[in-house]
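See structure below.
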Amino acid sequence: MSGGTPFPALPTLLTTAGRGLATHNQTLNEALVLAQSGRTVKAIALLGGLIDAEPRFADAYVALGCCYLHGGRSADAVAALGSAAALDAYNPDAFANLALAHAATGNHDDARVCFDRALTLAPDNPVTLSNYAALLVAAGEDEEAAGCYRRALTADPNHSLACSGLAKLLRRRGNRTAAAALLHHATTVNPRHHGLWLERAETLVEMGRVDEALAASRQANAIDPTHTDGLIVHGRILLAAGVAAEAAAVLKQATALRPNAITPRFLLAEAHRTQGDYTAAMALWSVLVMRFSRQPQPYLGMARALIDMGNIDGARRCLERVAEVAPDAPERHWLQAELDLRQGYVTKAWPVLADHIRPLAAEPGTARPPVWDGAPLEGRRLLVDARLTITDTILLARLLTLAARRGGPVSVLAHPALARLLSTVAGVDAAHPHPRGAYAEADLWCTLSGLAPLLAPRREDLAALTPSLRAPAALMAPMAARLAEVDAGGRRWLGVVAPPPEQADLMAAVLDRVDPDHWAIAWIAPAPGHGTGQPPLPRLTGGAAGAGPLVTLTANDPVETAAALSAVDHVIAVDGPAAHLAGALGCPGHILVRPSGHWAWGYQPAGPWHPTLTAVRRAPTDADWEPALERLGQGLETGLTNRNKSD
């Protein structure tokens, strides 16, 4: 269909009222079989002959109109379906599909009239209700559309088109929690429906539930491994999950299937960038710039790569070009803010950061107190919605302390996995793991990212607020006791955070450089089979093989991870939530950072966000990690010497 309106495919159109069109005669039956197998040209010819023989056969006109509609011949579809409606004014199929034909030609007024007539004749038809809802969504009438979708689900609670449509509407209105619940039900009752799994994956990744999104995306890909849109979504989610090599393979397949489209090629360049192959990424973006010179995406991608590479002037020129072709592109403002954040110009970036980083959960319609404007609290109770990604929540948690200094009790609404940690922030009175009742206890509210422009902390303020989190003593004590049970022979405990599976070889190379005379290894990882299943300790050679005794500290959630990190003397991790958690706890350590790593690491080894950690960055021009690992080895020796002096 035209206009991007999510109307159903041909087989659904042909049976909108369940009238059994194929039962009238053998010729119609043959035409329907041809149409449903995609051979619409032959079906049209057969139906034309049937109509010549039986010119008052309304169902034949309905089938012919559907074939025209499926083939993009909207005007012909209007004529054929209009004839069907004129021949049989009580045929709901004729009016339901005529409505789609009018919508495809842009005649929405007549489409509404036909939908109303179809629903008068068959008021509980879920396909007609869902299609009408899609028309209402396109017209911006969200409330009426939601009502149609809900009527369709009342008629058929498992109807896939209604589930998908309502979920998209809920997502657009910010109610992702309800959308995810609806799609969970829909995929349970329709486990082989590719579109529902894809919609579920996109919803979950928007909520920051990347592991679940990846599982749903893999399920969609298993159902239809050659669906181009499915491959694009799968590639995007693989990138969000940090699985860049697999994302590149998937996106190459999507690019082959849709060679003239910008999106799969843009994402493929992103995959190259994430893998550190800046030559391939820049070459692909250069081609896209030439082919799509009026589109902002290639310039945005090139700007991001140049930011990674530290080419500040080049990045700014790309962003200036984006301002010319798409001045309202929100990604341009965020990349400029990211460039400022990497350079340490934090106050310039706060307004954009607040707009870019938003809570992943929301309850539309929930009564909330007034939004805090930054004025002195004077005893008023402030609730801060901190349901961001784990990394963003950990980074910005220090702002809660600054808010409490404005003269009022501060409570926080957090993800259940983080509520206990956030309750340790100085100045926080309470942490709510669920929204139920949280707003009722507050006089004012604000998002955690929204505190940034209100409080406008300077670079030195961020460092002064470290550590911002503390591990609960009740969990830290058993971790410390576990280490004390083992005779480390006077060596320091080196806490090594288990990396994602695709970086296991990198961590093995790191551990091979450990000096066994000075360090004993504490492997910090989830229990086997927990969550995403972090890898076991890599097979060790070199120094790490003799750096026993080896102790595993089991950490299945952020709170347990905080306890394990706090129990060791020094931390090594790759860029990720655990690394930022170590920084927020004030742990000394070294973090392995790719050029495309998080903006908080900046361009220097030390920065204001994590002053106790040293970022060991792989340079964009490095062919591998070897130069960075050499610097890490030197850093471990220096850190050990400094620690001995402080002792």
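Summary table below
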item: Nonlocal amide H pairs with Asp385, under 5 Å, H built at 1.01 Å; result: Leu413, Cys446, Thr447, Leu448
item: Cα-based helix-to-principal-axis angle, 346-356 vs the chain, degrees rounded to 10; result: 30
item: Segment 311-343 and segment 262-291: distance between their alpha carbon centers, rounded to Å; result: 17
item: Distant-in-sequence amide H partners of Leu592 (H built 1.01 Å from N, under 5 Å); result: Ala573, Val574, Asp575, Val616
item: Karplus-derived HN-Hα couplings along segment 221-231 (A = 6.51, B = -1.76, C = 1.60, θ = phi - 60°), whole Hz, x at Gly and Pro; result: 5, 5, 6, 9, x, 10, 6, 4, 4, x, 5
item: Over segment 322-471 - Rg/Rh using Cα atoms and the Kirkwood inverse-distance radius; result: 0.98
item: Kirkwood hydrodynamic radius over Cα pairs of segment 116-203, then Stokes diffusion coefficient at 25 °C and 0.890 mPa s, in µm²/s; result: 192
item: Rh by Kirkwood over Cα pairs, then Stokes-Einstein D for the chain at 0.692 mPa s and 37 °C, µm²/s; result: 118
item: Cα pair distances exceeding 20 angstrom across segment 411-533, given as percent; result: 65
item: Charged-residue dipole, Cβ positions (Lys, Arg, Asp, Glu), the chain about Cα centre, Debye nearest 20; result: 560
item: Positive-pole candidate from Gly379, Ala426, Pro457, dipole of segment 360-463, charges at beta carbon; result: Ala426
item: Nearest 10 degrees, 0 to 90: helix 176-189 Cα axis against the chain principal axis; result: 60
item: Chymotrypsin sites (Phe, Trp or Tyr not before Pro) restricted to segment 90-171 and DSSP loop, no more than 13 other C-beta within 10 Å; result: Tyr90
item: Along each principal axis, Cα extent of segment 417-463, largest first, Å; result: 36, 22, 17
item: Charged-residue dipole, Cβ positions (Lys, Arg, Asp, Glu), segment 121-238 about Cα centre, Debye nearest 20; result: 220
item: Cα centroid separation, segment 173-211 to segment 365-410 (Å); result: 30
item: Trypsin sites (Lys or Arg not before Pro) restricted to segment 285-373 and DSSP loop, no more than 11 other C-beta within 10 Å; result: Arg294
item: Only Lys, Arg (+1) and Asp, Glu (-1) charged, at Cβ; segment 484-525 dipole about Cα centre in debye; result: 120
item: Segment 49-156 - Rg over Rh from alpha carbon coordinates, Kirkwood radius; result: 1.00
item: Values of log10 I(q)/I(0), in the order q = 0.17, 0.19, 0.23 Å⁻¹, for segment 162-278 under a Debye, Cα-only, solvent-free model; result: -0.79, -0.94, -1.21
item: Fraction of accessible area attributable to carbon and sulfur, segment 65-222 (%, probe 1.4 Å); result: 51
item: Accessible-area value, Glu626, 1.4 Å probe, nucleic acids and ligands omitted, Å²; result: 80
item: Ellipticity estimate at 222 nm from DSSP helix runs (n ≥ 4, -39,500 (n - 2.57)) divided over the chain, nearest 500; result: -17500 deg cm²/dmol
item: Sequence-distant aspartates and glutamates (8 or more away, or on other chains) whose Cα lies within less than 15 Å of Lys168; result: Glu141, Asp142, Glu143, Glu144, Glu199, Glu202, Glu206
item: Whole-Å semi-axes of the ellipsoid equivalent to segment 551-647 (Cα gyration tensor, √5λ, descending); result: 21, 17, 13
item: C-alpha long axis of helix 58-70 to longest principal axis of the chain, angle in °; result: 40
item: Accessible area of the chain divided out per residue, in Å², using a probe of 1.4 angstrom; result: 41
item: For segment 95-112, 3J(HN,Hα) per residue [Karplus equation, 6.51 cos²θ - 1.76 cosθ + 1.60, θ = phi - 60°, Hz, x = Gly/Pro]; result: 6, 5, 7, 5, 4, 5, 5, 4, 4, 5, 8, x, 8, 6, 5, 5, 4, 4
item: Restricting segment 175-224 to trypsin sites (Lys or Arg not before Pro) in coil, as DSSP defines it, with at most 11 other Cβ within 10 Å; result: Arg192
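The values are calculated or read from the model by the stated rules, or taken from the named source; none is laboratory data. Computed from a predicted structure; not experimentally measured. Here the Cβ is made from the backbone with ideal geometry for all residues, glycine too, and neighbour counts use every protein chain on show. When the accessible area is computed, the model is the full protein with side chains, heavy atoms only, and any ligands, DNA or RNA have been set aside. Shrake-Rupley method; radii C 1.70, N 1.55, O 1.52, S 1.80 Å.
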